[in-house]
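Below is one structure, written out as structure tokens, with a few remarks after it.
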């Protein structure tokens with residue numbers, strides 16, 4: 001046997017071993033799972049984590065971005081009347097809109113669920129239209145409806161001897177208008193999530209409850225709501241985050257006016273940072289959403305986890 | 001690339017004899033490449049003039065030019081500027097809106113050499129361009145013809161005559177100097193009242209977008225009312241500011257009741273729909289009326305602002321072309337900016353934009369397009385301020401630009417008017433504005 005052959009044997013064994021190890025490594029479920037999620041992890045790193053840290057860095061610079069000022073931008077914001085008005089308005093906007101979306105979504109989900117299966121698909125499709133339309137586009141349509149001078153809504157009101165209503169010209173009406181559009185856009189999301197949750201409630205539970213003589217309200221209170229509770233919590237949290245950070249609806253409809261009364265964090269940050277040329281202050285405003293949303297997320301997710309542990 | 005780019009020495013050599021461009025190139029693409037971010041004009045077809053001028057220059061100079069026309073819809077151009085400045089990468093030349101040369105001063109290549117040539121060639125620039133485009137002795141950017149505008153009154157000839165007894169054509173005759181000594185803020189107020197009573201109110205917004213802010217700025221300046229003076233002192237609680245607010249409150253009662261919600265489209269719609277006797281705007285509203293409501297367009301007349309105790313001021317909003325400091329082909333960029341500001345190039349831009357675009361140069365305010373525009377003949381004659389009858393200014397000037405930008409973009413003046421109009425005591429409004437402005441002066 002030539003020397004070369006003898007000496008090649010250990011290499012082949014080593015290669016075989018390495019190949020086997022690699023195969024085992026790739027066969028592990030955790031590895032496969034990691035590789036599948038890697039593109040998403042990279043996307044999150046590039047599009048979320050890096051911009052977040054960069055925004056935090058920007059918020060520590062002075063107006064001309066030439067020197068480090070620490071938390072001075074945040075300290076300055078605390079002295080501004082407009083900032084506190086934006087905090088108040090953002091909370092009012094997000095809480096009111098999410099509450100209305102949740103209530104409307106819940107009611108509509110029940111109505112759709114009660115619709116016979118044959119027509120249900122059509123209703124689901126139609127009711128999802130506001131949500132699948134690009135919000136900027138649908139808000140433009142609302143803008144025309146709310147137009148102070150040529151509003152279709154005011155024209156209708158005039159027909160019945162009412163109005164005209166200054167939809168976007170008066171602070172109270174303007175706040176109502178942005179909430180209405182946000183609810184119109186977001187309620188279908190709640191509806192579809194709640195509908196999915198309703199469909200996952202075992203029918204046997206209702207049958208047993210009916211045998212026991214439970215009424216409509218008791219079935220809702222003791223079966224439907226507990227079974228949907230996690231979905232309600234997670235949908236609410238998700239919507240709260242999106243609504244709180246809403247930009248397009250408010251910007252297109254009122255641009256924060258009149259007299260700043262409809263600004264939310266995102267629109268005010270844009271006004272200060274991009275339009276006003278004070279990027280560090282704009283970044284500080286936008287970062288202020290983080291602690292508020294973090295507190296909401298902690299409370300809601302803790303509740304969800306507790307229930308999951310009990311189950 | 002250095003060996004193939006235009007050098008500063010060659011650029012200076014070529015411009016020394018006040019010749020426009022004509023640099024420095026031998027062989028195809030010998031002068032490298034250039035990328036330009038222009039503003040996407042909202043007048044249909046107006047980009048074509050810029051495109052043709054740039055192409056002709058590029059062919060002559062053998063520079064490979066890439067042009068992007070970036071819309072201001074959704075502030076896309078502003079976002080791109082911010083992104084490019086942060087990344088220190090992007091276009092070589094960018095069309096910068098009014099306040100942006102000052103905001104991005106550290107990121108811009110000085111263009112004193114270009115401005116020296118252009119001022120010699122086209123005459124001096126107005127004070128607003130100096131205020132916005134220069135810091136101390138350093139020119140930050142070149143005033144762009146494309147997109148620059150004056151927002152003077154556009155009146156309805158018939159409605160002003162019928163309700164206010166004012167003949168705007170006689171006051172601002174086509175082809176001749178203004179006869180407008182009686183066109184004062186008091187006359188303006190009386191006309192506003194008369195037109196309001198006649199059911200065709202003046203369409204002046206009190207919102208937070210630039211059209212509303214510009215008119216407020218001009219009226220404040222007519223009273224000498226500045227929220228911050230040139231030295232940066234807060235001067236909100238001053239007599240001129242009180243007078244301006246008192247006046248504006250009276251005027252606001254004759255404006256449409258929804259004026260606080262108006263945006264930049266509202267006044268245009270107001271005029272085109274025939275509901276109002278006057279708006280303050282560049283000729284875009286008239287141009288739309290010409291297409292959509294010819295009977296309205298035939299009655300339009302652009303003219304000067306009313307004079308106040310401290311003079312006659314008109315809002316001027318220039319665009320600029322700036323060269324990023326990170327540009328890799330600055331000599332070619334400067335050469336292109338010279339080519340974009342020749343008499344012929346400016347005339348072409350003005351013509352293709354239907355008279356909308358305004359050069360900032362003193363010698364270029366009497367181009368034929370404005371004299372010949374119709375209907376009615378001469379409607380745009382006074383639009384470019386050919387007789388220098390009014391001071392072209394911008395709201396919040398003369399405050400230091402970094403502060404003025406905040407006052408302008410936060411619409412502090414129109415907010416003051418609305419607060420006072422809605423019943424807030426004058427002193428409370430002034431105190432609120434003072435606190436706001438003090439915040440803007442932070443470094």
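The values are calculated or read from the model by the stated rules, or taken from the named source; none is laboratory data. As the structure is a computational prediction, the values presented were derived from the model and not from experiment. Positions of Cβ are generated from backbone atoms using ideal geometry, with glycine treated the same way; all protein chains shown enter the neighbour counts.
Looking at A:169, A:161, can you tell me which residue is without any contact (Cβ under 8 Å) to a residue 60 or more places away in the chain, in a loop (DSSP other than H, G, I, E, B) and over 19 Å from residue A:88 (Cα atoms)? Spell out the reasoning first.
Numbers: A:169 fails: without any contact (Cβ under 8 Å) to a residue 60 or more places away in the chain.
Just one listed residue meets the conditions, A:161.
Residues are listed down the side, and each one gets a yes or a no for (1) within 18 Å of the chain's Cα centre (by Cα); (2) in contact (Cβ under 8 Å) with a residue 40 or more places away in the chain; (3) not in a helix (DSSP H, G or I):
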{"residue": "A:209", "(1), (2), (3)": "no, no, no"}
{"residue": "A:219", "(1), (2), (3)": "no, no, no"}
{"residue": "A:223", "(1), (2), (3)": "no, no, no"}
{"residue": "A:238", "(1), (2), (3)": "yes, no, no"}
{"residue": "A:252", "(1), (2), (3)": "no, yes, no"}
{"residue": "A:258", "(1), (2), (3)": "no, yes, yes"}
{"residue": "A:283", "(1), (2), (3)": "no, yes, no"}
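Can we say residue B:141 is crowded, with 18+ Cβ neighbours inside 10 Å, touching a strand residue (DSSP E or B) at 6+ places or on another chain (Cβ under 9 Å) and within 14 Å of chain A (Cβ to nearest Cβ)? Show your work before the answer.
Values: crowded, with 18+ Cβ neighbours inside 10 Å: yes; touching a strand residue (DSSP E or B) at 6+ places or on another chain (Cβ under 9 Å): yes; within 14 Å of chain A (Cβ to nearest Cβ): no.
No: the conditions fail for residue B:141.
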Can you name the residue in region B:428-441 that is in contact (Cβ under 8 Å) with a residue 60 or more places away in the chain and either buried (at least 24 other Cβ atoms within 10 Å of the Cβ) or under 16 Å from residue B:248 (Cβ atoms) (or both) and is also nearest to the other protein chains (Cβ to nearest Cβ) among such residues? B:440
Among (1) within 30 Å of residue B:108 (Cα to Cα); (2) away from chain A (no Cβ under 14 Å), residue B:166 falls short only on (1)
Can you find even one residue in region B:263-272 that is more than 14 Å from chain A (Cβ to nearest Cβ) and in a loop (DSSP other than H, G, I, E, B)? no
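Let's see how each residue does on (1) more than 20 Å from the chain's Cα centre (by Cα); (2) within 14 Å of chain A (Cβ to nearest Cβ); (3) within 30 Å of residue B:190 (Cβ to Cβ):
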position	(1), (2), (3)
B:312	no, no, yes
B:319	no, no, no
B:324	yes, no, no
B:337	no, no, no
B:352	no, no, no
B:366	no, no, no
B:370	no, no, yes
B:413	no, yes, yes
Out of all the residues in region A:144-162, is one or more touching a helix residue (DSSP H, G or I) at 6+ places or on another chain (Cβ under 7 Å), more than 12 Å from every other protein chain (Cβ to nearest Cβ) and surrounded by 20 or more Cβ atoms within 10 Å (Cβ to Cβ)? no
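Quick one: is residue A:258 at pLDDT 90 or above and within 14 Å of chain B (Cβ to nearest Cβ)? Quick ask: steps written out before the conclusion?
Numbers: at pLDDT 90 or above: no; within 14 Å of chain B (Cβ to nearest Cβ): yes.
Spelling it out, it is not the case that residue A:258 is at pLDDT 90 or above and within 14 Å of chain B (Cβ to nearest Cβ).
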Single residue of region A:269-293 satisfying the filter (at pLDDT 90 or above and more than 10 Å from chain B (Cβ to nearest Cβ)) that is surrounded by the most Cβ atoms within 10 Å (Cβ to Cβ): A:285
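Does residue B:296 satisfy the criteria of being at pLDDT 95 or above and away from chain A (no Cβ under 14 Å)? Talk me through it step by step, then tell me what you get.
Values: at pLDDT 95 or above: yes; away from chain A (no Cβ under 14 Å): yes.
Against the criterion (at pLDDT 95 or above and away from chain A (no Cβ under 14 Å)), residue B:296 qualifies.
Name the residues in region B:108-166 that are assigned to a loop (DSSP other than H, G, I, E, B), in contact (Cβ under 8 Å) with a residue 40 or more places away in the chain and closer than 12 Å to residue B:322 by Cα, would you?
Of the residues in region B:108-166, the ones assigned to a loop (DSSP other than H, G, I, E, B) are B:109-111, B:123-124, B:126, B:136-137, B:140-141, B:151-152, B:165-166.
Filter once more, so that each one left must be in contact (Cβ under 8 Å) with a residue 40 or more places away in the chain: B:109, B:111, B:123-124, B:126, B:140-141, B:151-152.
B:109, B:111, B:140, B:141, listed by residue number.
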Members of region B:206-260 that are without any contact (Cβ under 8 Å) to a residue 40 or more places away in the chain, crowded, with 24+ Cβ neighbours inside 10 Å and more than 14 Å from every other protein chain (Cβ to nearest Cβ): B:225, B:244
Return the residue satisfying two criteria in turn: it lies in region B:72-129 and is at the interface with chain A (Cβ under 10 Å from one of its Cβ atoms) and at positive phi, and of such residues it is modelled with the lowest pLDDT. B:74
